[in-house]
Amino acid sequence: CRAARGLVDMNQIDLAAGASVSKNVIVDFEKGRRNPTKNNLAAIQRVLEAAGVEFTNGDAPGVRLRKRKR
């Protein structure tokens, strides 16, 4: 989550507002204190993907910027 925000220069407050969750949900998630509910996690992912983040899976899980279409 922190890496994804860094890629699109988004702060915790903006992510929380976009996902309709409290800032504490984001802070605690990034610090490993708790996992958001399934709905909150999906909302966080939607906001980050809308900003241009692509979540990768497989042998190298992580995040990257989505390639822009020409």
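The values are calculated or read from the model by the stated rules, or taken from the named source; none is laboratory data. All values derive from a computational prediction rather than experimental measurement. A quick note on method: Cβ atoms are made from the backbone with ideal geometry, for glycine too, and the neighbour counts reach across all protein chains shown. Surface areas here come from the heavy atoms of the whole protein model, side chains and all, with no ligands, DNA or RNA. Shrake-Rupley method; radii C 1.70, N 1.55, O 1.52, S 1.80 Å.
Starting from the Cα of Arg34, step 7 Å along the direction of its Cβ; do the same at Ile13; then give the gap between the two resulting points in nm.
Those two pseudo-labels are separated by 2.2 nm.
Pop a pseudo-label 7 angstrom from the Cα along the beta-carbon direction at both Ala42 and Arg64 and give the gap in nm to one decimal.
With each label point 7 Å from Cα toward Cβ, the separation is 2.7 nm.
How big is D, in µm² s⁻¹, for the range 30-70 by Stokes-Einstein at 20 °C and 1.002 mPa s if Rh is the Kirkwood radius over C-alpha pairs?
Values: Rh = 11.8 Å.
Roughly 182 µm²/s, to the nearest whole number.
For the range 41-50, what does the Karplus curve 6.51 cos²θ - 1.76 cosθ + 1.60, with θ = phi - 60°, yield as ³J(HN,Hα) per residue in whole Hz, taken in order and with x for Gly and Pro?
Listing the rounded values in order: 4, 5, 5, 4, 4, 4, 5, 5, 5, 5 Hz.
If I compute Kirkwood radius over Cα pairs in Å from the structure I just sent, which labelled value in [x] 14.3; [y] 12.4; [z] 12.1 lines up?
Correct label is [y].
Quick one: with all protein chains in place, what share of the accessible area of the range 1-61 is carbon or sulfur, to the nearest percent (1.4 Å probe)? Mind showing how you got there, number by number?
Numbers: 1810 of 3920 Å².
The value for the range 1-61 is 46 percent carbon and sulfur by accessible area.
Go through the range 13-30 residue by residue and turn each phi into a ³J(HN,Hα) via Karplus (6.51, -1.76, 1.60, θ = phi - 60°); whole Hz please, and just put x for glycine and proline.
Per-residue couplings from phi come out as 5, 5, 5, 4, 5, x, 8, 6, 10, 6, 4, 4, 4, 5, 4, 5, 5, 5 Hz.
Hey, what number do you get for the chain at 222 nm if only DSSP H runs of n ≥ 4 count, each worth -39500 (n - 2.57), divided across all residues, to the nearest 500?
Details: 4 runs with 35 residues, N = 70.
Helix-only estimate at 222 nm: -14000 deg cm²/dmol.
Just need the relative contact order of the range 1-47 here, percent rounded to a whole number, with Cα pairs under 8 Å and 6+ apart.
Numbers: 32 pairs, mean separation 16.5, N = 47.
Answer for the range 1-47 is 35 percent.
In Å², what does the accessible area per residue of the chain work out to with a 1.4 Å probe? Walk me through the intermediate numbers first.
Working: 5200 Å² over 70 residues.
Result: 74 Å² of accessible area for each residue.
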